[in-house]
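Just so you know, all these numbers are worked out from the coordinates, no wet-lab data involved. Everything numeric here is computed off the predicted structure, so don't read it as measured data. When we count neighbours, we look across all protein chains shown, and the Cβ atoms used for this are built from the backbone with ideal geometry, even at glycine.
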Number of protein chains: 2
Amino acid sequence: MNGAQALIRTLVGSGVDVCFSNPGTSEMHFVAALDDVPEMRGILTLFEGVATGAADGYARMAGRPAATLLHLGPGLGNGLANLHNARRARTPILNVVGDHARTHKRLDAPLESDIDAVAGTFSRWVRRSLSPEVVGADAADAVAAARTAPGGIATLVLPADVSWEEGAAVAGPVRVRPPSRVAPELVEEAAAALRSGEPAVLFLGGDAVGEEGLLAAAKVAEGAGARLMSETFPARMARGAGLPDVPRLPYPPEMAISALAGTRHLVLVGATAPVHFFAYPGVPGQPVPEDCEVHVLAEPGEDAVAALQALAEVAAPHVRPQPLEPERPEIPTGELDGRSLSAVVGALLPEGAILVDEALTSGVGLQEMTAGAPRHDWLSLTGGAIGDGLPMAAGAAVAAPGRPVVGIQADGSAMYTISALWTYAREQLDVTTVVCDNGSYAILEGELTRVGADGEGTRAAQLLELGSPDLDFVALARGMGVPGTRATTAEELADQLRRALAEPGPHLIDAVLPRRK
Amino acid sequence: MNGAQALIRTLVGSGVDVCFSNPGTSEMHFVAALDDVPEMRGILTLFEGVATGAADGYARMAGRPAATLLHLGPGLGNGLANLHNARRARTPILNVVGDHARTHKRLDAPLESDIDAVAGTFSRWVRRSLSPEVVGADAADAVAAARTAPGGIATLVLPADVSWEEGAAVAGPVRVRPPSRVAPELVEEAAAALRSGEPAVLFLGGDAVGEEGLLAAAKVAEGAGARLMSETFPARMARGAGLPDVPRLPYPPEMAISALAGTRHLVLVGATAPVHFFAYPGVPGQPVPEDCEVHVLAEPGEDAVAALQALAEVAAPHVRPQPLEPERPEIPTGELDGRSLSAVVGALLPEGAILVDEALTSGVGLQEMTAGAPRHDWLSLTGGAIGDGLPMAAGAAVAAPGRPVVGIQADGSAMYTISALWTYAREQLDVTTVVCDNGSYAILEGELTRVGADGEGTRAAQLLELGSPDLDFVALARGMGVPGTRATTAEELADQLRRALAEPGPHLIDAVLPRRK
């Protein structure tokens, strides 16, 4: 058995059986070995950022890692932005990065670069496999590292000759440690804070915004009179009728500050204390009031659900919280804007949908309009590196083949990883993409003002607008084998979305929004 | 004056007046400052890999660096692959990477990551600007670092508040040291090797494959009976009628070994000793024969042209080499394949063209067919990180507005940075892109065999083919505002190429090549 075969068999034996790939010469034995291990599903992407973003979306839905197959330092670099997002989401991912053969390493061949240094910036675990004899064990360690709560990125650098030489052996299967429980005194501290009668917020993230966590949190909130709030961009949030409606901390600093104003106790459950995405002149960096006491009930990686359930036992033993009733907005008519787009999505979102949100400014109202929709999961852009939406949707669709994926996708961000559409078509993934086509980096137009730059000049403005020429997303979709339509009114969007959701496989709808002046 | 204004004015004062940009919030003051310094041309790209590749192509043609404007660690990551190629080309580039404000850095905001570690892998110079008072001086140092021979990448990390605070000052202009001359005894050593009468090769790279270098090298070769050869992927090579025809060392190891077989003296001029791109089982890593003596006449960064001229004085004082006569292939008819495609290009390549070669396997014959074409420059993929071709062409067109740019572009590689087409359209760049559309990663099919993997299985083969669905490059071009046509015969290609070259602005031709079986 050669190194590649042992590696793939080890991965499969430890529950990693999907590999989002963009291989090159140094990965050819890995590719060849896919024919020997049919349990591993290799999925081709046309760009590494699609592979890593898909792995992010996959693990958020599957609860276990996918592998990626990347080509040396540049391939890893192309995957970096979405690995950054995955790190912020605490997504388990196993990167296999092919490298030069050990004999070739010192020759400084053209593709030579410092893979390990780059990998170290987003990985919790990096190792270079040094011989075929150990590559199986290395792979098992990598899976264990990726899967240990709260989940993270493990990067295994695989020299080509370690891959092709014989003498390798399968290792594992891996045993994953369950997440640690929080100490009882932390539950008591949180309960005491809630009993104080002072304004308190339970601030939720990670597993605490899954179904069980939310139900326990709602019990605590109702029993103790606390408010619930989630981090701004949770990796995966359970939503819809039958669950409590938990607002997310707003993104704009002034709104975040206002959302937490007056809070005296902030109880963190699976989340870290919030900070603003960016600094702005004259604005404090964090929205938490200065006189607010921060209590860490459960850190990311600890069992937040168990902690919430324990807290509910203490703080609200007999409470039965009122979940949301089913409620959908009316399908609007007339002009298509961010709000009517959100209403159409809220009106039509199917049961069990996975909503991938990279709408940015165009998503105003989307949370509110979908709150009472049938039960669904919501995946956010966690790390702010735009271009995760289209790939994440691919991974989510692979992880949950029975569930419709709806991507609400800003236009500028879509262009970073547009070739994800081709993978949708190749794999016939059930992904409906609604492009929020406002013809600009609208979020930056707002940010230009917010940072205090006047932005009155035309040269600056040109760097923020996507017209001249307009992007034609229907043509782009067709170019990659995805059927596309264009909607210019709310009725058209509703009609096209209904049809796209009724038919399996990928669809793209170019939702033309008003241009900023 | 705020930091951003001082930075931009310093760059302009030191000859850096084009900035390929993909900004985010942390770069908004830089963007705003473009309105204050009209001498700096900001060019928007839709993806950082386009910005960095364009900066590579720009400097190869302009002989001085462009700046890039990138958004924190993920933006730098997206630009990494083409910065890798630029590093291998020894291209001067000045990256400005926006980062969180100094006050925000310790808060671990979602976009926080280790920018410096990533930058260190491809930069010869990295600095974080610590205050508005020093940012001008930092920028001047960065330009000096980038421009010092042989050219390299300087990365300046710019905290948002250093950008927006007042109190900054312009620095420079920068004085660039001319490249060092080689010591006379090295010229003597090379001359002695050539006098030995044993088979010798002058192995050329860097400036030695520019016009002056080639003419001096041809003199030496003719006078001393040595052969000329260039590195496999020179950053920029002068070619065409009136210049000597210098073959490039072939890419496939067996052909490279054969090209250098019997050589007893390899004289390096602006190039390093060749190594194979990859290791292969049972093949030595370098094509240089074991009994060949390697002489380093000029290292990269030393004045290779002066060294060749000095060598010519000693070794061939009275020789007048025969340059190539103008000669073009006939325009072929019938089937379109790599060879007939190359013949069409050779027949029609205009005077003064810049040929950007990312054809990979489809470029077989392209060198030969263009050797006697009118004088042109040839830009290669230097670092093996595919996806440089389309962006490089953009940069070359910006640097040399009077010259037609012809990109010969493999299909799979085109998809990495396809949004470069939008920048062609936005800036109305005179770039004609010929997509070598064979529907596969053909180079990898060959590599799969070459590494000794049998590749008979269908699952491996699926990871190397781009069909199902076929990419429609004409639709993709239309989606980004570039007019496109499709050629399925040599006549059609000739016809479409002639028309594209006759009309200013961008054009794309999808040249449909035979599918592999």
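Computed over the protein assembly as shown, the quotient of the alpha carbon radius of gyration and 2.2 N^0.38 Å is 0.95. Inter-copy label distances for B:Asp245: 7.7 nm (label point placed 7 Å from Cα along Cα→Cβ; shortest first). Counting Cβ atoms of other protein chains within 10 Å of each Cβ in B:39-49 and taking the mean gives 4.
Each Lys and Arg contributes +1 and each Asp and Glu -1, all at the Cβ; summed about the Cα centre of the stretch B:477-517, the dipole is approximately 300 debye. Relative contact order of the stretch A:45-137: 29 percent, from C-alpha pairs under 8 Å at least 6 residues apart in sequence. From the largest down, the stretch A:338-512 spans 49, 36, 33 angstrom on the principal axes of its Cα atoms. Residues in the stretch B:200-214 carry Karplus couplings, in order, of 10, 10, 8, 9, 10, x, x, 5, 5, 9, x, 4, 4, x, 5 Hz; the curve used is 6.51 cos²θ - 1.76 cosθ + 1.60 with θ = phi - 60°, and Gly or Pro positions show x. The value of relative contact order for the stretch B:338-512, using C-alpha pairs under 8 Å at least six residues apart, is 23 percent.
Listed values for the stretch B:184-193 are Karplus-derived 3J(HN,Hα) couplings in whole Hz (6.51 cos²θ - 1.76 cosθ + 1.60, θ = phi - 60°), namely x, 5, 6, 5, 4, 4, 5, 4, 5, 4, and x replaces Gly and Pro.
Taking the Cα centre of the stretch A:411-517 as origin and assigning +1 to Lys and Arg Cβ atoms and -1 to Asp and Glu Cβ atoms, the resulting dipole is close to 80 debye. Measuring between their Cα centroids, the stretch B:347-407 and the stretch B:283-333 lie 21 Å from each other. Take A:Pro504, move 7 Å from Cα toward the beta carbon, and the resulting point lies 5.3 nm from the same point in each other copy, nearest first.
Within the stretch B:231-285, the proportion of C-alpha pairs whose separation exceeds 12 Å stands at 72%. Calculated mean residue ellipticity, 222 nm, chain A: -11000 deg cm²/dmol, from DSSP H runs (n ≥ 4) at -39500 (n - 2.57) each, averaged per residue and rounded to 500. What shape does chain B take by its C-alpha gyration tensor, where a ≥ b ≥ c are the square roots of the eigenvalues and a/c under 1.5 counts as rounded, a/b above b/c as prolate, and the rest as oblate? Oblate. For chain B, averaging the sequence separation of C-alpha pairs within contact (under 8 Å, six or more residues apart) and dividing by the residue count gives a relative contact order of 14 percent. The distance separating the Cα centre of the stretch B:200-246 from that of the stretch A:228-280 comes to 64 Å.
Taking GluC sites (Glu not before Pro) as candidate sites, keep only those in a DSSP loop with at most 13 other Cβ atoms within 10 Å, then name the longest stretch of chain A containing none of them. Of all site-free stretches, the longest is A:40-289. With label points defined 7 Å past Cα in the direction of Cβ, position A:Glu491 shows copy-to-copy spacings of 5.0 nm, given to one decimal and shortest first. Averaged over the residues of peptide A:70-76, the number of Cβ atoms from other protein chains lying within 10 Å of each residue's Cβ is 6. Charge dipole (Cα centre; +1 on Lys/Arg Cβ, -1 on Asp/Glu Cβ; no other charges) of the protein assembly as shown amounts to roughly 320 debye.
Among the residues of B:457-467, the average count of other protein chain beta-carbon atoms within 10 Å of the residue beta-carbon is 6. Measuring between their Cα centroids, the stretch B:19-44 and the stretch B:454-517 lie 34 Å from each other.
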